[in-house]
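> Just dropping this structure here.
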Amino acid sequence: MLRPTRAWALAAPSPISSELASAADRLGVSRRLLGVLAARGCARPEDLESFLGDPVAALHDPSLLPDAPIFRMRLERARERGDRVMVYGDFDADGLTGLAVMVLALRAWGLAVEPYVPSRFADGHGLSVGAVDRAQATGCAVVVTVDCGTSSPDEIAQAAGCGIDVLVTDHHHVPDRPPGATALVNARRPDSRYPDPRLTGAGVAFKLAQLLLEDGSSAGRARWLDLADLATIGTVADVAPLLGENRAIARLGLERLRRSARPGLAALIRVAALPPDRIDAESVAYSIAPRLNAAGRIGEVTLAARLLLATDASEADELAGQLEEANRTRRDLTAVALAEAREVVGDPGESPAVVVAGPWPVGLIGLVAGRLADAHRRPVVVFSTDTEPWRGSARAPSGGLDLARAFGSCERHFVRYGGHPEAAGCDLRPGAVDAFRADFQALAAQGPSVVAQPSLPIDLVVRVLDVDYTLFHELERLEPVGSGNPPACVAVLGATVTRVRPVSNGHVQMTVAKGREVLDVIAFGRADLAGAVRAGDRVDIVANIGSRQFGGFESLQLELMDVATAGAWTAAGAWAAVGSPESVA
C-alpha cells in the first residue's frame, strides 16, 4: 500500500451566514470558493470584500503607524531647510525595494536624497557606523532607515551625537530596549494602534510614501500607487503573509508589473525569461527576488538598487545582465557551501537545534541555513568564519522556535542581532560560539517541537470529473497566493492511473482517467513513484490545480503534493463530500 508522506488534514467546514452568502453573490463568488474562504477565516462580509474587492479600499490610514506624524513633521522641516536626507536600506530584496520606494517618494516630495546600500560584509545587519560616518561627511541632517534600525541603538546614539536625526522605518521584532530614534515607525511596536502589523520593510516604506504623497488629487494618488510594484516584490520576497494589507499591496503591484513595469524591472523580467502578462507572486519569489538578492550575496552591493532606480532602458538592460551573471555565480557558490555544511552537520540525531560554523561566504549562509532547516525540521544557525566578528544567519521551520525571541534571550552573545520568528541574523562576540550553542539548544529544547511528518491542509475534496476549468477559475480568485494564503490544496479521490513515467531531474509524470479523457499529473521530486505506482492503480491525490500551455494549447494539470492508495485516507467527511468510493472514477 502506498502511504502518504504527510499528515492530510481536511479543513473543517465553517458556517456561512446569510449575510456572507449575499456578499458572495454580489462579488460573484461560487459556493465552493466561499467554503474555502470561510474555512480560511473570511467569516464576515467585510472580510470577503477586503479579500476580493477594490484593493485600494483595503489599505489602512498610514497616519495610524506609530510615530508617523513625527516622521512627516521632521521631513517637512528638512524640506523647508533644504536638509539632505540619507536613505539607508537593507541588503535583501525587501530592504532594496523598500529603499527604492523611499528614495523615489522623498524625491517626488522635493527632498535631496542620498541612497546608501549596506554591504553584507562591511556593514552587516542594521544601521552601521560606516553609514553614520558617511552621513556626517556628506552633510546629511537626517537618516531614514528602511527594513532595519530597530535593533541599532548604539549606531543611532552615535548619529544623534553628530547632530543627525534618525527616522527608523522597520518591521522587525522590537527589543525590550528600543533605540532612541527621532521616530520609530514599526507596526510591531507594543504600543502600535495600526490595524495590520504584518507589513514588511518595503510595505512600511510604501505606506509612508502614501502618507507623504497623498494630497487628495488623482495625480498625488497615482504617484504613491505607482510604487506598489516595488513594495510587492519586498512583500513576497520576505515571505510575508499575503493577507490583509499585504494582499492589497500585492494585487496592486502585480497588476503594475504585468501592465507597465518600470525600466529596471522590465529588464529583469526579460533576462529571467518571464512572460510579462503572467507575472504572479511565484514569479516574484523564484525569479525576480533571487536576482535582486544575488549581487549583494557576492559583494556587488549597489547593483540591484541602481537597477531599481534606473530610468534609462539601455542602462537597465546592462545592469540586469550583470545581475543575471551574479545570480549564476550565487547558485554555484551556494551548491558548494551547502555540500560542505551538510558534511559538517552530518546526522544531528536528537539535537533540538543545529549550530554550525565554517568559511562560507556571508551572503550565502542564510540560504544554507534555510536548506538545512528544511532538511532536518529544526532550527539552524550557520556562522561564517570569514568575517570578524563571525556573522550568523538562522532559519526555523514554521510553527517552531521563535528565532526573534530566542536571539533576544541570547543577546549577551551578540554584538548586534535582529530578525523574525522564522529568520534572524547576528554578529557573534569573539569566542562565544560554544556558550551560544548551549543556550540556543536549551531554548530550542523548551520551544514547540516540529513534527517529523508535517501536516498537509486540504481545502476541498472532489472527484476527477470535477477537475475542470470552471473549478480552476474559481480557485484562481485566491491569487495572489503565497505565505499565509497558499494555493488551494485539492484532494482528488479514487483516481485510476493510466500511465506513469519518470522524466528528468527526479520528476514523474502520470495520467489518470477522467471519463473518456485523461488528466495530466506532475510529481516534482518524487522519483520513487515511478516504481511505486502502476497503470491501473486507484489512488487518492492531493494537488494544486494548474494550467499549462504547450504547442499553442492549454490544458489542466494536477501538481501533485502527495499521493496514497485509494482509501488510505479516512478523514471524516472526505468520501461523503464526493460520494461512495465506487462512484468517483
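> Which shape class applies to segment 12-51: rounded if a/c is under 1.5, otherwise prolate when a/b exceeds b/c and oblate if not, where a ≥ b ≥ c are the square roots of the Cα gyration tensor eigenvalues?
Since a/c stays below 1.5, the shape of segment 12-51 is classed as rounded.
> Take the alpha carbon atoms of segment 261-340, find their radius of gyration, then divide it by 2.2 N^0.38 Å using N residues; give the quotient.
1.09
> Same structure, new question: Give the residue list of chymotrypsin sites (Phe, Trp or Tyr not before Pro) in segment 366-453 that are DSSP loop and have at most 10 other beta-carbon atoms within 10 angstrom. Could the numbers behind the result be given before it?
Numbers: sites: PHE383, TRP390, PHE407, PHE414, TYR417, PHE436, PHE440; in loops: TRP390.
Sites meeting the loop and neighbour criteria: none at all.
> If you don't mind, another one. Mind grabbing the base-10 log of I(q)/I(0) for segment 62-259 at q = 0.14, 0.19 Å⁻¹? Debye formula, identical points on the C-alpha positions, no solvent, two decimal places.
With one equal scatterer per Cα and no solvent, log10 I(q)/I(0) is -0.72, -1.37.
> Considering only DSSP beta bridges whose two residues both sit in the chain, what percent are antiparallel, to the nearest 5?
Working: 45 of 78 bridges.
About 60 percent, rounded to the nearest 5.
> Then there is this: Could I have the simple spin-label model distance between LEU27 and SER409, label points 7 Å from Cα toward Cβ, reported in nm to one decimal?
Result: 4.0 nm between the two label points.
> Normalised by the number of residues in the chain, what is the relative contact order in percent for Cα pairs under 8 Å and 6+ residues apart? Each step should come with its number before you reach the end.
Details: 1200 pairs, mean separation 73.4, N = 585.
The normalised contact order for the chain reaches 13 percent.
> While we're looking at this one, here's another question. At 0.36 nm per residue, and after removing the present C-alpha to C-alpha distance, how many nm does the segment from GLN549 to TYR469 gain when stretched out fully?
27.4 nm
> Give the value in nm², to one decimal: projected area of the alpha carbon convex hull of segment 84-125, averaged over all directions.
Its average projected convex-hull area is 2.7 nm².
> Next up: Assuming a viscosity of 1.567 mPa s and a temperature of 4 °C, what translational diffusion coefficient in µm² per second does Stokes-Einstein assign to segment 118-172, Rh being the Kirkwood radius over Cα pairs?
117 µm²/s
> If one computes P(r) from the Cα atoms of the chain, what percent of pairs lie at distances over 32 Å?
Values: 86537 of 170820 pairs.
More than 32 Å apart: 51 percent of the Cα pairs in the chain.
> Take the alpha-carbon centre of segment 393-472, take the same for segment 191-221, and report the distance between them in whole Å.
Each part reduced to its Cα centre gives a spacing of 29 Å.
> Expected output is a single nm value to one decimal: the length gained when fully extending between GLN446 and ARG107, i.e. 0.36 nm times separation in residues minus the C-alpha distance. What is it? Could the numbers behind the result be given before it?
Details: separation 339, 0.36 × 339 = 122.04 nm, distance 4.89 nm.
Net length gain for the segment: 117.2 nm.
> Can you check what the net charge comes to around ARG177, using other residues whose Cβ is under 11 Å from the Cβ of ARG177 (Lys, Arg +1; Asp, Glu -1)?
-3
> What distance in nm separates the simple spin-label points at ALA335 and ARG81, each placed 7 Å from Cα in the Cβ direction?
5.4 nm
> In the chain, with Lys and Arg counted as +1 and Asp and Glu as -1 at Cβ, which of these residues, SER398, PRO15, ALA187, has the Cα nearest the positive end of the dipole, that is, farthest along it?
PRO15
> Which distance in nm do the two modelled labels at VAL344 and GLU282 give, with both placed 7 Å along the Cα-to-Cβ direction?
It works out to 3.5 nm between the two label points.
> What's the Cα-based Rg to Rh of segment 1-158, Rh via Kirkwood? Can you show the working numbers first?
On the way: Rg = 23.5 Å, Rh = 19.7 Å.
In segment 1-158, Rg relative to Rh is 1.19.
> Now, a different point. Need one word for segment 346-446: rounded, prolate or oblate. Basis is the Cα gyration tensor (sqrt eigenvalues a ≥ b ≥ c); a/c below 1.5 gives rounded, then a/b vs b/c decides.
Here segment 346-446 falls in the rounded category.
> Post the alpha-carbon centroid distance, segment 81-120 to segment 222-239, in whole angstrom.
Result: 15 Å between the Cα centres.
Values in this text are rule-based calculations from the coordinates and carry no lab data. Just so it is clear, the structure is predicted and the values come from calculations on it, not from any experiment. Cβ sites come from the backbone with ideal geometry, for glycine too, and all protein chains shown count toward neighbours.
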